[in-house]
Amino acid sequence: MLNLNSVMIGTKQPKALATFYEKVIGKPADMVDSENGFFGWQVGSGYLSVLEHSEMGGKTKDPGRVMLNFETAQVKEEFERIKALGAVVIREPYEMEGGWIATLADPDGKNAQPVVPPQTFQSVDAPFFSPDGSFIYFSATGDGLAPALVEDPLQGTARPSEWGWLDGLFGARTAYANGAPSDWWRIPVAGGPPQRLTHIFDTGLYGAFSPDGAHIAFIALTGLYVMNPDGSALTQMLNVANVGTVDWIP
């Protein structure tokens, strides 16, 4: 039977990351090997370490793939404290099944900065980079309905143009009663306005690029879809309700 002994973070900037985690944990590293860029802490019953790794440069492609969970009775207070240390806020504290959760990213992302101006959207979710790193794709709520009849992907019927997204959220569009309708957008990493890619007004969007970068697959409440990176050739592959994530098999 295996026993999980520790978690090690590889990075090209071990001293900067060690300084950050020293402040988060609240004590100097219990073990230090400066020559090899190693810093380690005993944290509760687990062990966390940072190690210099020559191939771990640049931003993490999927920062949410590995997450460190710290337990505390003061979630909101610790959130503010760690944010003040330079952590990037991924999600503000929120309640889930009687407990509170918050998500932050450590400074190993380098030069983190907002790419979507504040108040552009009511909410932004499910971001991911294009394979060449030139665009960030994300789902967003906030532009309302287009000024034309829009076909409901579940019912196949048209909605009056005067309906707003709040109407749908509170029952006028039954298919979306579980959340605010969203669409896919992208924004150039180098700067520029966000570009709307779809007009599906769906919920639970989560997408991923194909291995060759030619297509994006995504799931939504109304099914499984595939489209080109610019939003064209949108095709519904499955007409079943989906909740979760999606990925390609090379």
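Values for this structure:
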| item | result |
| --- | --- |
| The stretch 221-250, subset of a type in the set (Val, Ile, Thr) and touching a residue at least 40 places away in the same chain (Cβ under 8 Å), residue nearest to ARG186 (Cα to Cα) | VAL246 |
| Output for the stretch 14-31, where each listed residue is free of Cβ contacts under 8 Å to residues at least 12 places away in the same chain and either on the phi > 0 side of the Ramachandran plot or assigned to a strand (DSSP E or B) (or both) | GLY26 |
| Only one of THR222, THR235 that is under 24 Å from PRO131 (Cβ atoms), at pLDDT 75 or above and not aromatic (Phe, Trp, Tyr) | THR235 |
| Residue list for the stretch 201-220, restricted to those being in a loop (DSSP other than H, G, I, E, B) and free of Cβ contacts under 8 Å to residues at least 60 places away in the same chain | PHE201, THR203, GLY204, SER210, PRO211, ASP212, ALA214, HIS215 |
| Neighbours by Cβ (under 9 Å, 6+ apart or cross-chain): first from the stretch 75-96, touching a residue at least 40 places away in the same chain (Cβ under 8 Å); second among the acidic types (Asp, Glu) | GLY86/ASP106; ALA87/ASP106 |
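The values are calculated or read from the model by the stated rules, or taken from the named source; none is laboratory data. Only a predicted model underlies this, so the values are computations on that prediction, with no experimental measurement involved. Positions of Cβ are generated from backbone atoms using ideal geometry, with glycine treated the same way; all protein chains shown enter the neighbour counts.
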